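Structure first, then comments.
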Amino acid sequence: MKAALRAVRESAAAGYADDLLRGVNLRPDQLRELDRLIGRWSALLRLLPGDAPPRSAAETALGLLLAARAASGPGARPGDRAEALRLLRRADATGAEPTVAARLALLSLLVPERVLLERAGSPEEILWAAFAFGRSGSEGPHAPAPDLAEACGVLGRLASAPLPPPLRQRLDRTRDRLELVRRVFSSEMTLEDLRRVLPLVPGHALPASHGYWQPPQPAAGAGQTGPPGRAQEEGEPELGALLRDPAGRADPERLERLATRIRAALHALPPDAPAARRARLDLAAALSHAGRLSGALQDGEAADELRRAVENDLAGLPGRSRPGTDLAVSRALHETARAERGLGGSALPGLIDELTRLHETLPADDVRRHQVALALGNALVRHGHLTGDADLRRAGCRRLREAIEVDWPLPGPYLPLLRAYVLALLAEIDPDAGAALLDEAVAATHGALAAWRVYPDKECALRRQLGRALLTAAERDRDPQRLEQAIAELTRARALAAASGRGGLHEALALLAQAHATRSRLPHSPGDGTPRTPAEATARARADVDAALKAGRAALAELAAEVLLQLGAGHGLERARQGAGHALSLARFAAAERRGREFFEVLETGRAMVLRAAAVSRNVPHLLTAAGHPALAGEWRQAEHRGLLRPRPAMELLGPNAPPGPSIPSTLRRRALAALGAGTGRGVAALVVSPTLGQLAKAVTAAGVDALVYLVPGAAHLPGHALLVRPGNPPAVLTLPRLTLTDPAPRAYLAAAAARSRLGPDAGAARREAAEERWRRALGELCDWAWPAAIGPLLERIAPRAAGPRTAGPHAPPQAAPRALPRIVLIPCDRLGLVPWHAARTRPRTGAAGFRYACEEAVFSHAPSGADFLRAAARPRLPLAGRQVLVADPELSLVWSAIEVEALRAAYYPAAQCYGELPGSPADVPGTPEEVLAALPGGAAPPPGLIHLACHALAGPGPARSALRLAGGELSVARILDHPNAGPPGAAGPLVVLGACETDLSTQDHDEALTLATALVARGASDVVGSRWATRDGATAVMMSVFHHCLTAEGLAPADALRAAQLWMLDPGRRPPAPLADPLLRREATRSDLNQPHLWAAFTHQGNPAPAG
């Protein structure tokens, strides 16, 4: 019997074990033989007593056979693997013969074949598969799998076994990989471990900060291309080449492939399986890394959505009262980053409470405590900044200080680099910081950088933060020595950012521009590094002015590249917000230095970035084809059709039912822009061509415009300025001392308008009336201020002022010799865009009662930027006599909306299509957002000549969220701009009239000039009339009726028709147009208060400013 046992062990069973390690597939006849042998050995074991000496050998043989069948695929039976594991583990523990075969079979059951048999592909893919195995069945994203330690032990016991050389080499590689995984998950990792895994393993497995550095190495030898101390090896895998990249970059294409593999694995798993949660975290980490590399916010948003899904799953599991520490920290950092991007901080108070509880429950020696303290400190500081609460900021600074004061057991230089960064941050933001803290930050930063060789992008972040802290101190204390230190740090940061290609260049350039501008204004103070004579001081001040303007313009170009990369107007606006104020401050600086050309270039580069990006995006397929990339152009068109080039929820883009497309949302956009050479600020400058002053002057002449005027408010000690571009005249900069938002009139108006808009529907009548009266009074004072602040000096410069009659209008007595009115296009900067400049007023020179308004002296239009003016001025108008669309309020909550629409159809547009709800007759179309979009340029059918919308509108908390309320939903600015289709370049566009409230108003991000009106012009409308504030419906309906009368009966262009309607409102002898037969409207037309600015001055014109004909 012993001989028989030995024969079977050494032939059949051991042979099957060898097949397991070679990955041999069994034939059907072999499977039948395997079943027969398992049956025989199972019967034999039932006969053997428990203490019989042959039993252990029989159990080993049966375990080998069961392991073979478990791995056979279709031939496997339930329970084979579990029984094989039980028997082979006993053989491994007792050393039962054949021990080597038993251990090999046990290993095949513990380790996936894609790792053990190296079937996962390239070496880095095998290592990735090893990490996936290391997490399978674990208790959380950082815990190792239960089978991992056992597999490592089995491999260790096989180390001295006599094996064939190929098998021995493969097992040694497997042991190396699994030991690496075990050390990483058990926090026993070494520097070399980290260098091997961090470019591959997603950020949730290890703190991302661990990848910020390289260990100190000897100087690199000649010819080396990688990090110091490592030579190029012939045939080394791609992963090694990635690790040797001295800039620490990751290949975006390889990152896309990695995300695609994770996504495929995720789709193959049950949605509620633990492995699916881990796959979502893996995919989230890949997306986060892609977002950090590219700066695309959609990637980061998708990652955060996936993490929240996992957090919600974990919160619902039995015994899980709250999510884990890592997810809580991740969520806090995400919400803090959203608050920093201007997306509000409503979630911060709850997160602060949660992190506070977590911080109190963690043991004092728990390494996670420093992560919680960092997240808590950041959240407190940001919440304090948003609320103006200095105590919250101080509390946040204390937490940040706590996070770096303990010598946490963290690997390598992570702690010294973190300490240096936080100290520099505290030196900038701590209200109680002094010179000693700044000196400590300087010493810590320089010490850490001297001790450790840091990747360029991480060194850039350290030096940039230190430079910001030094600059803050220099400006506060007027300290030239601190300023010299700041310029040195920021100059180095700029070079490092340009070298790394990993973002941060815009910020480094903007800070450097600010530092040079500050130094140009500091008084001459001889000393080390400063000029010693007045002549030297003058020369360096001039050089600083040049350097400030050069760096500032480069910063704006880099920011434009980041805006262009974003998917959608919302994300583009978030990125543009990072440069808010930079263009204005730089423009004021250029104006003060009498640098007119730079003043214009800065204004034009730094405005309306989102609108420019939308215009470029629509032309990308044409540009790609022209550049020799037709296949890429085809991919772009397909992605547009599938909706993959605009922001969507992560699961719509990445879920099992998602349309085919990239696994990283920004991949295609990044590839396309790179193909067009627009991956940098310089490339974008070539793609998004800003107009020159000469081009604008020609366009002004062609459009019949007398002046294109940029209005820039003053700040601090600097006055306001206007830049005038006029036909036949050189550009002129006009100083306007009163054009400042700190003047009492604009301050009072902004406060009153904010209080008025905050009133909710439950506000009482008395409170509402008080707020309305305060706002009306402030509006009158604003109109009084606007004349001397800007309009009066402009009119004096553009054309001699004439005291023409106030009553001029479509029904005023004809003048014997009417004078030609100047036509002015305004580009107001900052919150000057809230001012109704056409309602600026002054008292008549004759001493007569009443006011003389700006709209009596000129025809006004508006534009977001010079580039937008060029596009709009070149766009022909569709004839009004063609198709017309009138949109009524679908909710029937605006009493005058249906009256207005029915009156316009009866009087002027009898063949018009009506959308929305009309009490007297059914509408032609419900008027959903999709139906209104289809009527705009780029829709399925040619656009109508007129689209008039008399529905609700709302200026949202962010400009991209401003929207029209239509049937079944909202049509937002973002949706209008993100729609892939628009009218082809040069195509004629419709007139769009927005009779709704707040359709040409930005509540923030004013220099983006992003409103419903400007979005529609960008979409292809030739002219848009919109409103700056909520108006009284009856008065609006009357004025809109007169406006359409001037369009149709008088043949005026939209800008002229709007002016004529406003002058009609001012005319005390006004008479309603004859075609206007509606009795309610005719009664409204007799009201005596229609001349009040709050009833007529809200409406503005955007688009083509040319007169009719």
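Every read-out reported here was derived from the displayed coordinates using simple, explicitly stated rules and does not represent laboratory data. Please read all numbers here as calculations on a predicted model, not as lab measurements. No Cβ is skipped: glycine too gets one built from the backbone with ideal geometry, and neighbour counts run over all protein chains shown.
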Once amide hydrogens are built 1.01 Å from N within the peptide plane, the residues lying 5 or more places from Arg852 or on another chain with amide H under 5 Å from its amide H are Thr842, Arg843
What ranking do Lys458, Lys698 get, fewest neighbouring Cβ atoms within 10 angstrom at the top? Lys698, Lys458
Rounded to the nearest 20 debye, dipole of the stretch 420-480 from Cβ charges on Lys, Arg, Asp, Glu: 300 debye
Label zone at Arg257, where the point sits 7 Å out along the Cα-to-Cβ direction: the stretch 274-301 residues whose backbone N lies under 20 Å: 282-291, 293-294
Report the one residue of His446, Pro431, Leu415 whose Cα lies farthest in the direction of the positive end of the charge dipole of the stretch 395-455 (charges on C-beta: Lys and Arg +1, Asp and Glu -1; origin at the Cα centre). Leu415
Kindly write out, for the stretch 262-275 in residue order, the coupling ³J(HN,Hα) from the Karplus curve 6.51 cos²θ - 1.76 cosθ + 1.60 (θ = phi - 60°), rounded to whole Hz, with x marking Gly and Pro. 5, 4, 5, 5, 5, 5, 7, 9, x, x, 9, 6, x, 5
Square roots of five times the Cα gyration tensor eigenvalues for the stretch 878-1103, Å: 25, 19, 17
Output the peptides 352-358, 898-904 sorted from most to least packed, where packing is the average of other Cβ atoms within 10 Å over each peptide's residues. 898-904, 352-358
Calculated FRET value between Arg1082 and Ala1049, using beta carbons and R₀ = 22 Å, to 0.05: 0.85
Would you work out which of Pro937, Leu1012, Val1025 lies farthest towards the positive end of the dipole of the stretch 878-1103? Charges go on Cβ: Lys and Arg +1, Asp and Glu -1. Val1025
Residues whose placed amide H lies under 5 Å from that of Gly916, excluding near-sequence neighbours: Ala888, Val925, Gly927
Dipole of the stretch 553-658, positive end: most advanced residue of Gly568, Pro649, Phe600 [Cβ charges, Cα centre]: Phe600
Residues of the stretch 1045-1085 with amide N under 14 Å of the 7 Å Cα→Cβ point at Ala1108: 1045-1061
Within the stretch 260-287: backbone nitrogen closer than 17 Å to the Ala674 label point (7 Å, Cα to C-beta): 260, 287
Rounded to the nearest 0.05, FRET efficiency between Arg597 and Ala911 (Cβ-Cβ, R0 30 Å) equals 0.05
Expected vector for the stretch 29-41, Karplus 3J(HN,Hα) from phi with 6.51, -1.76, 1.60 and θ = phi - 60°, integer Hz, x for Gly and Pro, equals 5, 5, 5, 5, 5, 5, 4, 5, 5, 4, x, 5, 6
Note: His641 to Arg86 extended length (0.36 nm per residue) minus current alpha-carbon separation gives 194.3 nm
Highest mean first, what order results for 959-966, 379-386 on Cβ atoms within 10 Å? 959-966, 379-386
Using the beta-carbon distance between Arg1071 and Arg776 and R0 = 30 Å, what value does 1/(1 + (r/R0)^6) give for FRET efficiency, to the nearest 0.05? 0.70
Gain in length, Ala539 to Arg77, computed as 0.36 nm per residue apart minus the alpha-carbon separation, to one decimal in nm? 157.6 nm
Estimated inter-spin distance, Ala435 and Thr99, nm [label 7 Å along Cα→Cβ]: 7.4 nm
Could you give each residue of the stretch 706-721 its phi-based ³J(HN,Hα) in whole Hz, using Karplus coefficients 6.51, -1.76, 1.60 with θ = phi - 60°, and x for Gly or Pro? 8, 6, 9, 10, 8, 10, 10, x, x, 7, 6, 8, 9, x, x, 9
Subtract the Cα-Cα distance of Ala716 and Ala763 from 0.36 nm times their separation in residues, and report this length gain in nm to one decimal. 13.2 nm
